[in-house]
Each structure stands twice: as C-alpha cells, then as structure tokens.
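Report on one structure; see the data block that follows.
The values are calculated or read from the model by the stated rules, or taken from the named source; none is laboratory data. Predicted, not measured: the structure shown is a model, and the values here were computed from it. With ideal geometry, Cβ positions are generated from the backbone for all residues, glycine too; neighbour counts draw on all protein chains shown. Quick note on the areas: whole protein, heavy atoms, side chains included, nothing else; ligands and nucleic acids left out. Shrake-Rupley method; radii C 1.70, N 1.55, O 1.52, S 1.80 Å.
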Amino acid sequence: MQRRTFLQSATATTAALLTQPRFVSALDVNNPFRKEIGIQLYTLRNQIDNDVSATIRKIADAGYKQVEPYGFPNCRPMIEAAAEFGLNLHSTHFDSNSLINNNDGDDDQFDRILEQANDVGLKHLVVPYLPDKFRTSLDDYKRLTDRLNKASTKAKAVGIQLAYHNHAFEFKPMEENRCGYDVMMDEFGEDMAFEVDVFWVAVAGKDPNELLRKLAGRVSQVHLKDLNSSVQTPTFDGVPKEAFEEIGDGTIDIESIMQVSAEIGVKHAHVEQDQSPHPIESVLQSLSVIQSM
C-alpha cells in the first residue's frame, strides 16, 4: 500500500469517481449513511492509546458524525471524547466473553454490561469476534446461537439490540458443506441481529450485496472497508495487512452496498480499516470518497 497525503488522495479519488463505471449512479442526496457516517474506532486504536481526545477531535472536525467504540465497558475515555466533540454514540463492540464462554449460565456480567450500556445511552451491543476454540464445528455455532438468542431477548427488554459481527471464518465450509454463518442465519431468533462487515464477506468469496438482501430486516449495521485486488478469495484464515484498502482504492463496490443497505433498512454504517500504516490519513480519504458519491 503506498502512502498518500489526504489532499493527493482526495484528488485521485475525485478523478476516479468521474471515470470509473461503478460510480456512475450517485447516492441519493439524502442517503442516511453518507449524512450520518460513523467510524469504528478500532481503526485508530494506536492513536487513541496515545491521545484519545485529540484523535476523536480530528475525526469530528473531518466530518464523521458518529463513533462505534470497542472494548465496552472499558472504553469510557472514547465515550467521553465523543460527547465532548458532538459525535453520536449508538453502538459499541463489547467484551462478549460473558456470553461466548458462559458454560455455567451466570448472567451477572452481561446484566452489568446492559446496565452500563443504558447508562451511556447505547442502543446496540455487538459481539466483535469468536475465538478459535468456540468455532471448531457446527455444534459450536449452534451453542453460540442459543446463547446469543437468550441474551438478545434480555437485551431487547431493556431497549438494546444485540448483534454479531462477522469475519471470514464463519463462512468456511464445514460438515455437509454448511458453514457457521448458515447456522446463524437459520437459527438466530427475531431479537438477534447481524452487523455485516462487507470486507470479510468479500474475503470469504461471497457477494456482500447478495448477503445483505438475503438478510433484509435482520441487519442492524454495516462495516465499510475496501479490499486490495491482490487478495485471492475465498480465504478463511486471515489476510496480510496490505489487504486493507481505503474506500475507493479496492475492489468492493461500497456505493452499491450503501444503496442496498438503505433499501433493506440498515440503521448505521461505520468506516473501518483494520490495518493501515497511516490510519488518520486512511479514514479521512475514505470519508472524502463517501462524501463524493
């Protein structure tokens, strides 16, 4: 991935918008995601560790409208900085060990998380990741869906939507050529939602728009990020750092994903770039492309 300054990136992406066929159909002027675009703050984790207030101020000044923190409830400085600079807070990735690794049925930790989420006005809690040992078989996924279904009903009762964020491994074929995501789609109850990360869907060799339409009415949020053209798909066990591109520089049609997401009633969209040598520049470039669509 080549280093680009923000101004150079903006110029290049504007030119691309004028010449590339996949951008010929502009987003509606009132597209909710372009107007209220968010950012998953994990992208800026190193900058946040250094100076959370200055980092959040930069993204607010650039035009981001909402943030999705990570590590809740241990992310109070991010939440306070978002409030200080006028950024909305609807969703967070949270410590979901209380659900994933809850063999004894003790709900106390999750109950405390729900209470803390309500205290700061959160409406969405997202399971961010499933460790290896909890996804060795379809039965593992069935146990997971049962636990998340019960938790989502409890969350709904206090006004919070529980969702699951995918990577590529959920799409890896297992027994009878089914995958973990098949189990989720079949067995998640009506109170459980999906946060669809379109990058990882593409890495798994799937069409993000096809998946979004299949999940119409069940997707609470999307993560927007782009994929370097050198990546051979499908792959299910991770990708190199160079696989992550700024929006507009990769192979994923983010504009059509935003259109489809709006059509099926998705509430929020967040820019994310798991890896970048220059994260601030990257998220500013991605924002400039979205604002130009």
Those residues that are out of contact with any Leu (no Cβ under 7 Å at 6 or more places or on another chain) and of a type in the set (Asp, Glu), I need them from region 244-271; list them, please.
Glu246, Asp249, Asp253, Glu263
Any hit, region 49-58, residues being surrounded by fewer than 13 Cβ atoms within 10 Å (Cβ to Cβ), at pLDDT 95 or above, under 20 Å from Gln273 (Cα atoms) and under 21 Å from the mean Cα position of the chain (by Cα)
yes
Screening Thr145, Thr136, Thr92 for residues that are of a type in the set (Val, Ile, Thr), more than 20 Å from His268 (Cβ to Cβ) and open to solvent by less than 10 Å² (accessible area, probe 1.4 Å) leaves only Thr145
Test for Glu170: is it among the charged types (D, E, K, R) and either within 29 Å of Trp200 (Cα to Cα) or not in a helix (DSSP H, G or I) (or both)
yes
I'd like to check something: does region 60-67 contain any residue that is open to solvent by 10 Å² or more (accessible area, probe 1.4 Å), in contact with a Leu (Cβ under 8 Å, 6 or more places away or on another chain), aliphatic (A, V, I, L, M) and farther than 30 Å from Glu246 by Cβ?
no
In region 273-293, which residues are open to solvent by 10 Å² or more (accessible area, probe 1.4 Å), of a type in the set (Ser, Thr, Tyr) and either closer than 17 Å to Lys65 by Cα or modelled with pLDDT under 95 (or both)?
Ser288, Ser292
Can you tell me which residue is surrounded by the most Cβ atoms within 10 Å (Cβ to Cβ) among those in region 249-272 that are modelled with pLDDT of 95 or more and within 18 Å of His93 (Cβ to Cβ)?
Val271
For region 41-95, the count of residues that are among the acidic types (Asp, Glu) and on the phi > 0 side of the Ramachandran plot equals 0
Gln161 passes all but one of (1) surrounded by fewer than 20 Cβ atoms within 10 Å (Cβ to Cβ); (2) in contact with a strand residue (DSSP E or B) (Cβ under 6 Å, 6 or more places away or on another chain); (3) not acidic (Asp, Glu); which number fails?
(1)
Run Gly238 past the list (1) on the phi > 0 side of the Ramachandran plot; (2) open to solvent by less than 10 Å² (accessible area, probe 1.4 Å) and report the number of the one that doesn't hold.
(2)
Return the total of residues in region 212-237 being without any contact (Cβ under 8 Å) to a residue 24 or more places away in the chain and either under 30 Å from His90 (Cα atoms) or among the hydroxyl-bearing types (Ser, Thr, Tyr) (or both).
2
I'd like to know if region 199-221 contains one or more residues that are over 24 Å from Val126 (Cβ atoms) and out of contact with any Pro (no Cβ under 8 Å at 6 or more places or on another chain).
no
Quick check: is even one residue across region 202-209 more than 15 Å from the chain's Cα centre (by Cα) and either of a type in the set (A, V, I, L, M, F, W, C) or more than 26 Å from Gly250 (Cβ to Cβ) (or both)?
yes
